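The values are calculated or read from the model by the stated rules, or taken from the named source; none is laboratory data. Every value quoted in this text rests on a predicted model; they were computed, and no experiment measured them. Because the Cβ atoms are built from the backbone with ideal geometry, glycine has one as well, and the counts that use them run over all protein chains shown.
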Protein chains: 2
Amino acid sequence: MVPKDILQAIKQMTGFTDLEIGIVLQYFEPKNFKKKTTLLEAGSTAKEVYFILNGCIRLFYEKDGVDVSAYFFTEKMFAGAYDSFITQKTSRHAIETIEDCQVLAISYKALQALFIEFPKMNEFVRKVLEERFVSLHELFTAQILDSPEERYLNLLKERPELLHRVPQHQIATYLGITPVSLSRIRNRVAKK
Amino acid sequence: MVPKDILQAIKQMTGFTDLEIGIVLQYFEPKNFKKKTTLLEAGSTAKEVYFILNGCIRLFYEKDGVDVSAYFFTEKMFAGAYDSFITQKTSRHAIETIEDCQVLAISYKALQALFIEFPKMNEFVRKVLEERFVSLHELFTAQILDSPEERYLNLLKERPELLHRVPQHQIATYLGITPVSLSRIRNRVAKK
């Protein structure tokens with residue numbers, strides 16, 4: 001069911017034994033989503049988070065009819081509206097797939113049960129949250145300190161594959177600029 | 001050493017027994033800081049985080065010589081540059097006390113040792129991180145979706161004490177506006 005290389009990655013990420021991974025995986029449900037599937041609408045409460053086996057999931061806001069991308073999740077990441085999932089309150093942002101996706105989904109209830117059956121899960125989730133926190137803080141910092149060009153160069157350095165997988169207008173709103181400005185930045189950077 | 005009401009609060013937050021709290025507290029060091037003490041400079045690496053017994057600590061950025069407040073930590077919160085502390089890489093923001101502070105400090109090394117001696121700490125730190133993540137995500141969302149007036153009203157609702165404890169120019173940069181605009185918003189809101 002779960003491909004071997006992914007099992008290997010999970011083993012490395014968690015430090016769990018095969019037996020422990022077996023216990024944990026029972027709480028997850030494999031799901032497939034077509035490209036452009038809405039996983040969560042703004043105003044709803046996140047019931048699940050998704051460990052991505054294949055594909056790309058986007059977190060975005062809508063403001064005055066304009067769609068603003070905030071984050072892109074790819075393989076071996078836990079995608080989701082963590083803030084809504086943690087608090088079980090309504091989300092102010094939405095989530096959708098931007099490619100066909102294979103995921104392992106875990107519901108809020110299942111995760112709480114897993115913490116009780118298998119307390120070691122706390123350590124793993126702590127580490128996942130640390131990564132997500134650092135990533136969100138980098139984004140927050142970049143919004144305050146960096147120019148769009150600096151943010152583009154950082155994306156090119158840290159996650160170059162996104163520039164091919166994600167539509168240009170979504171990359172542009174992620175950088176806080178128009179597609180025309182993005183195109184100018186790309187040309188400028190390409191000439192350097 | 002640690003006041004009774006704080007011990008009670010720690011007990012409620014963690015669900016630990018008195019014995020367990022005793023173990024955990026051994027890893028913390030009580031420290032006192034005068035108002036306006038720099039706890040971390042931008043460009044340095046965070047060696048400690050602080051559980052605040054008394055006082056207020058500010059996280060801020062410097063951009064083109066302008067000081068931009070990003071977050072205020074108060075009593076019973078863990079204050080710190082979590083992103084730098086977690087990754088043990090240099091921080092892009094600074095931290096300072098804005099009141100005289102009594103804290104319990106824990107170093108990165110001590111926390112790693114505590115995770116090993118007392119694995120239950122993972123659950124508590126997971127919960128602390130969840131709170132911090134949600135709080136940072138709210139701030140991130142507000143920057144995208146809310147006007148300065150909406151952000152001011154939210155601060156007034158959620159953390160009204162900050163408006164008395166924190167200098168007005170710091171509240172202004174936190175809201176992304178000038179002190180003059182803040183003063184206008186305050187007057188407008190007071191008249192409603």
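Of the listed requirements (1) at positive phi; (2) among the charged types (D, E, K, R); (3) touching a helix residue (DSSP H, G or I) at 6+ places or on another chain (Cβ under 7 Å), residue B:64 misses just one: (3).
With within 28 Å of residue A:189 (Cβ to Cβ) and in contact (Cβ under 8 Å) with a residue 60 or more places away in the chain as the only criterion, which of A:72, A:124, A:140 stands out? Show your work before the answer.
Working: A:124 fails: within 28 Å of residue A:189 (Cβ to Cβ); A:140 fails: in contact (Cβ under 8 Å) with a residue 60 or more places away in the chain.
It is A:72.
Of the candidates B:36, B:11, the single residue that is touching a residue at least 40 places away in the same chain (Cβ under 8 Å) and in the same structural domain as residue B:139 (by TED's automatic domain parsing) is B:36.
Tell me yes or no: at least one residue of the stretch A:140-154 is in the same structural domain as residue A:65 (by TED's automatic domain parsing), of a type outside the set (Asp, Glu) and crowded, with 19+ Cβ neighbours inside 10 Å. So far as the stretch A:140-154 goes, yes, one or more of its residues are in the same structural domain as residue A:65 (by TED's automatic domain parsing), of a type outside the set (Asp, Glu) and crowded, with 19+ Cβ neighbours inside 10 Å. Residues that are touching a helix residue (DSSP H, G or I) at 6+ places or on another chain (Cβ under 6 Å), over 19 Å from residue A:99 (Cβ atoms) and not in a loop (DSSP other than H, G, I, E, B) within the stretch A:145-192 comprise A:148, A:149, A:151, A:152, A:175, A:179, A:182, A:185, listed in sequence order.
Considering (1) of a type outside the set (Phe, Trp, Tyr); (2) in contact with a Phe, Trp or Tyr (Cβ under 9 Å, 6 or more places away or on another chain); (3) in a helix (DSSP H, G or I), the lone condition that residue B:105 does not fulfil carries the number (3). So is residue B:117 of a type in the set (Asp, Glu), more than 24 Å from residue A:138 (Cβ to Cβ) and outside the structural domain of residue B:49 (by TED's automatic domain parsing) or not? When the stated conditions are applied, residue B:117 does not pass them.
Residue-by-condition table, conditions (1) closer than 19 Å to residue A:38 by Cβ; (2) more than 10 Å from every other protein chain (Cβ to nearest Cβ):
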{"position": "A:72", "(1), (2)": "yes, yes"}
{"position": "A:96", "(1), (2)": "yes, yes"}
{"position": "A:107", "(1), (2)": "yes, yes"}
{"position": "A:113", "(1), (2)": "no, yes"}
{"position": "A:124", "(1), (2)": "no, no"}
{"position": "A:131", "(1), (2)": "no, no"}
{"position": "A:154", "(1), (2)": "no, yes"}
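Go through the stretch A:158-192 and give me each residue that's touching a Lys or Arg at 6+ places or on another chain (Cβ under 7 Å) and in contact (Cβ under 8 Å) with a residue 40 or more places away in the chain. The answer is A:170, and nothing else. Give the residues of the stretch A:156-180 that are surrounded by 13 or more Cβ atoms within 10 Å (Cβ to Cβ), among the hydrophobic types (A, V, I, L, M, F, W, C) and either over 16 Å from the mean Cα position of the chain (by Cα) or facing another protein chain (nearest Cβ under 10 Å) (or both), sorted by residue number. The answer is A:156, A:172, A:175, A:177.
Return the only residue of B:87, B:141 being of a type in the set (Val, Ile, Thr), facing another protein chain (nearest Cβ under 8 Å) and out of contact with any strand residue (DSSP E or B) (no Cβ under 8 Å at 6 or more places or on another chain).
Going through B:87, B:141 in turn, just one is of a type in the set (Val, Ile, Thr), facing another protein chain (nearest Cβ under 8 Å) and out of contact with any strand residue (DSSP E or B) (no Cβ under 8 Å at 6 or more places or on another chain): B:87.
Residue A:133 - would you say it is in contact with a helix residue (DSSP H, G or I) (Cβ under 7 Å, 6 or more places away or on another chain) and in a strand (DSSP E or B)? No. Those strands (runs of 3 or more DSSP E) of the stretch A:1-67 in which at least 1 residues are in contact with a Cys (Cβ under 7 Å, 6 or more places away or on another chain) and closer than 30 Å to residue A:178 by Cα, considering only elements entirely within it, cover A:29-33, A:48-54, A:57-63. Out of curiosity, is residue B:68 farther than 30 Å from residue A:120 by Cα and either of a type in the set (Val, Ile, Thr) or surrounded by 16 or more Cβ atoms within 10 Å (Cβ to Cβ) (or both)? The answer is yes for residue B:68. In this structure, does residue B:90 turn out to be in contact with a Gly (Cβ under 7 Å, 6 or more places away or on another chain) and hydroxyl-bearing (Ser, Thr, Tyr)? So residue B:90 passes the test.
Scanning the stretch A:68-90 for residues that are under 8 Å from the mean Cα position of the chain (by Cα) and in a strand (DSSP E or B) yields A:71, A:72, A:73, A:78, A:79.
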